[in-house]
Structure formats: C-alpha cells, structure tokens
Amino acid sequence: GSGDTQVEVPDNSSYSEDNLLKWMEISIVEPEKRTGKYMNIPETFMVYLIETKVTDPTKPGHGEVTSIWRRYSEFELLRNYLDIMYPPVVVPPLPEKRVSHVWQKLPSDKFDPDFIERRRQGLENFLLRTAAHSILCKDELFTAFLNQDEGWKEKIYATGYQNKADSKIKALSAAYRLKKPDKRFEEFKAYSNELQTHIHNILRIRAKMADQEFGVHRIHANYGRVFSEWSGLEKEMGDGLQSAGHFMDSYSSCIDGILEDEESFADQLKEYYAFGDALRSVCRKQELVQLKLEQCEDALSYKAAQKELLNQGKSTGGFSFSGMKSKLFGGDTPQQRQEKIEKLEKEIEEQENELRAVSADAQKFVEDALNDIDRFQRQKVKDLKEILTNYAIVQIEKCKKGKAIWQNTKECFEKM
C-alpha cells in the first residue's frame with residue numbers, strides 16, 4: 001500500500017552545518033481521534049504522537065524516547081512562527097488541510113483513515129525537513145515543540161511574533177511602490193508561479209488518468225464474470241475459461257494498491273506546490289526590506305534638500321502662516337536660521353546612521369535569502385528527480401503486472 005512510498009528523510013548533504021537529524025530520530029508514530037470542548041462547544045479533533053530518540057551516545061538523554069501529542073493547529077502555529085521569525089528562509093510547508101487532486105471521489109470526512117495516514121506522513125515530513133535545516137533546527141521553540149508539553153504555546157505567543165506578522169501584510173502592496181525592485185527576486189517570484197502551474201497540471205492529468213485506469217481495470221471484472229458463466233456450458237473448454245476468468249478478476253482488483261502508491265507521489269508533488277508559496281513569501285519579505293531602505297533614502301534626501309534651502313536663505317516649508325509672516329515682516333534672524341541648520345545637521349547625521357543600519361540589514365537579508373533559495377533549489381532537484389523516477393517505476397510495475405496476467409490468460413486459452 002501507500003506506506004511503501006513514504007517521503008524519505010531529507011538528504012542532509014544539502015545542509016552544510018550540523019542539524020538535528022544527525023543525532024536524533026523523529027517520527028510521528030500514530031494519530032488518535034479525541035473529543036474536547038472549545039468555548040463550551042464539543043469538538044472532535046485528531047492528535048498526532050511525535051516520538052523523538054537521541055541516537056548520539058555523547059548527547060544527554062541518549063537512547064531515551066520522548067513522546068508528545070500535538071494537534072494540526074499546533075503545527076500551524078509553529079510554522080507561522082518560523083515563517084515570521086526567519087524571513088530569509090524558505091520554510092517547509094505543511095500538508096494540505098483538505099484533499100485536492102485525488103483520483104477517486106474520496107469521502108470528504110476529515111477523519112477518513114487514508115486521509116489521516118497521508119496527513120501523518122506529511123506532518124512527519126515537515127518535522128524532518130525543519131530538523132534537517134541548519135538554521136531552523138536550532139530554534140529553541142522548535143525543539144520544545146518536539147518534547148515540551150507545558151507552556152509551549154504561551155512561549156510562542158510571548159515572542160511577539162504576531163506583531164511582526166502585521167508587517168507582512170504591508171509587503172503585499174510594497175511591490176507596486178518600489179523604485180528599484182531586485183531582478184533576482186522578481187525572477188524567483190515568477191518562477192514560483194510557473195512551478196505551481198506545472199505541478200498543478202501534472203496533478204490534474206494524473207488524477208484524470210488514474211480515474212480512467214481505475215475504470216478500465218474494473219471493467220475487466222466483466223470479462224471474468226462472462227468467462228466463468230461460459231465455462232459452465234463447455235466440457236473441454238471449461239477449465240481454461242474458468243482460469244482465464246480468475247486472471248481477469250485479479251487484473252481488475254490489482255489497480256487499488258497501485259493507485260494508492262500513486263497517491264503518495266501526488267502528495268509529494270503537492271508539497272512542492274506548497275513550496276512555491278514559501279518561496280514567494282521570501283520574495284515578498286525582500287520587497288518589504290527594500291521598501292524600508294528606499295523610504296530611508298527618501299527621508300535623507302528630503303532633509304538634505306531642506307538644509308540646502310536654508311543655506312541659500314530660502315524658506316524650507318510649503319505654504320504656512322509663519323511663511324506668510326516672514327514674507328511680510330522679514331525672515332528668521334541669522335541666529336534662528338543657524339539653529340535650524342544645526343538641528344537639521346543633527347537629524348541628517350541620525351538619518352545617515354539609520355540608513356547605514358537598514359542598508360546593512362537589507363544586504364544581509366539578500367545574502368541569507370539567496371543562500372537558502374540555492375539550498376532549496378538543490379533539494380528540489382534531488383527530490384523531484386526521485387519522485388518522478390519512483391512514479392515511472394510504479395507505472396512500469398503496473399504494466400509488467402498487466403502483461404503477466406494477460407500472458408497467463410493466453411496460456412489458459414492455449415490449453416483449451
């Protein structure tokens with residue numbers, strides 16, 4: 001079944017520094033349905049048991065297994081926190097909330113065992129990818145998520161990450177006001193859209209094909225029924241027809257397991273669809289950083305222009321009553337003008353310091369983001385190569401199985 005094609009532990013070779021998976025095993029061993037109350041309304045929900053085991057003898061707690069139950073909403077909280085606290089990182093996505101692109105009209109019940117199992121795999125994969133990331137794996141609240149029950153949520157909220165989240169909303173409109181958008185990030189943004197389009201199309205085609213194949217295989221059961229019924233009429237041909245009928249039945253039923261395996265590849269592709277959003281999120285954050293830099297530059301230019309006007313003995317403001325007064329009764333005294341110039345010089349100096357800091361931040365953001373996007377691209381090539389190859393192998397096996405069944409059926413007919 002689909003368990004055979006679980007996403008592998010992300011390859012650590014693409015992460016240069018130390019990461020959690022080098023000395024710890026992480027798995028989600030079982031889901032459980034629970035009922036509780038939310039604001040006095042009874043609710044039913046799933047919880048997932050995370051198990052961790054320290055494998056390095058030099059680390060404290062070696063060999064011990066810790067386990068903790070977590071809800072999907074807690075995984076969401078963790079991911080939102082990581083996404084905001086580590087802006088240059090392409091944060092691994094969570095499995096989808098609702099099933100899309102399935103080959104059969106599955107029950108929409110979110111407690112359906114197949115859906116729960118696939119979500120369990122997806123959540124485990126999220127934890128493994130995060131633990132394999134050289135930066136994210138060092139986050140204290142991520143490690144606490146794996147083994148600390150008490151007060152974890154409170155600690156997350158205490159970081160104030162939600163206030164930072166508000167600034168992300170500004171990023172959505174920042175692009176339209178940038179004077180100097182970074183071409184590289186513009187290209188990544190376009191790329192993430194294209195990637196999603198292609199993956200969406202592949203998933204759509206696969207679901208359509210799977211539906212048709214399911215139908216074709218099932219119709220073979222009709223051969224089975226006819227051959228079996230016919231065999232009752234015939235003396236010499238009876239055994240051959242009866243056996244051929246059995247082979248047709250087995251051909252009809254073998255499609256279930258194959259399509260279940262395929263479903264697991266679809267889930268792995270969906271993860272990359274969601275990675276498109278994660279990549280775009282980094283690009284939006286870069287736009288926000290760039291916007292802040294440009295606003296700083298504008299503020300400095302404005303103050304420098306004001307100083308220039310004062311030096312030329314002109315008024316710095318637009319229309320104002322004090323401006324009118326200076327036209328009627330003469331301008332500032334030289335001393336007042338000097339005080340204004342000195343005040344502006346101080347402000348300009350402060351603004352220059354701020355610009356230097358913002359500029360350094362922007363540069364570091366770009367550097368970190370480009371590094372992480374490069375890491376993501378390498379991981380993507382490796383993963384997609386594996387996913388598509390495994391998908392091809394499943395197709396080959398399916399054809400071999402079909403060929404073998406028809407070969408056997410042919411022999412049944414030959415022996416008649």
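The values are calculated or read from the model by the stated rules, or taken from the named source; none is laboratory data. Source: prediction; values computed, not measured. Positions of Cβ are backbone-derived with ideal geometry, glycine not excepted, and every protein chain shown enters the neighbour counts. These accessible areas exclude ligands, DNA and RNA; they are computed on the full protein's heavy atoms, side chains included. Shrake-Rupley method; radii C 1.70, N 1.55, O 1.52, S 1.80 Å.
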*Are there any pairs with C-beta distances below 6 angstrom linking a residue in region 31-51 that is touching a residue at least 24 places away in the same chain (Cβ under 8 Å) and closer than 24 Å to GLU124 by Cβ to a residue that is among the small types (Gly, Ala, Ser) and in a strand (DSSP E or B), with the two at least 6 apart or on different chains, and if so which?*
GLU51/SER27; GLU51/SER67
*Count of residues meeting criterion [closer than 21 Å to ASP112 by Cβ and exposed (fewer than 11 other Cβ atoms within 10 Å of the Cβ)] in region 37-74*: 4
*asked:* When you scan region 279-287, do you find a residue that is on the phi < 0 side of the Ramachandran plot, open to solvent by 30 Å² or more (accessible area, probe 1.4 Å) and acidic (Asp, Glu), even just one?
replied: no
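Sort through ALA404, ALA392 and tell me the only one that's assigned to a helix (DSSP H, G or I) and surrounded by fewer than 12 Cβ atoms within 10 Å (Cβ to Cβ).
ALA392 is the lone residue from the list that is assigned to a helix (DSSP H, G or I) and surrounded by fewer than 12 Cβ atoms within 10 Å (Cβ to Cβ).
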*Condition met for LEU106 (at pLDDT below 95, in a loop (DSSP other than H, G, I, E, B) and in contact with an Asp or Glu (Cβ under 7 Å, 6 or more places away or on another chain))*: yes
_Please go through (1) open to solvent by 30 Å² or more (accessible area, probe 1.4 Å); (2) modelled with pLDDT of 90 or more for GLY317 and return the number of the only condition it doesn't satisfy._
(2)
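Quick grid of which residues meet (1) exposed (fewer than 14 other Cβ atoms within 10 Å of the Cβ); (2) modelled with pLDDT under 95; (3) not in a helix (DSSP H, G or I):
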site	(1), (2), (3)
GLU342	yes, yes, no
GLU347	no, yes, no
LEU355	no, no, no
GLN363	yes, no, no
GLU367	yes, no, no
PHE376	no, no, no
LEU384	no, no, no
*Show the residue pairs that are 6+ apart or on different chains and have beta-carbon atoms under 7 Å apart, the first residue being within region 58-86 and under 13 Å from LEU127 (Cβ atoms), the second being among the acidic types (Asp, Glu) and open to solvent by less than 40 Å² (accessible area, probe 1.4 Å).*
LEU82/ASP139
*Take region 202-242 and flag every residue that is open to solvent by 100 Å² or more (accessible area, probe 1.4 Å) and hydrophobic (A, V, I, L, M, F, W, C).*
ILE219, TRP230, LEU233
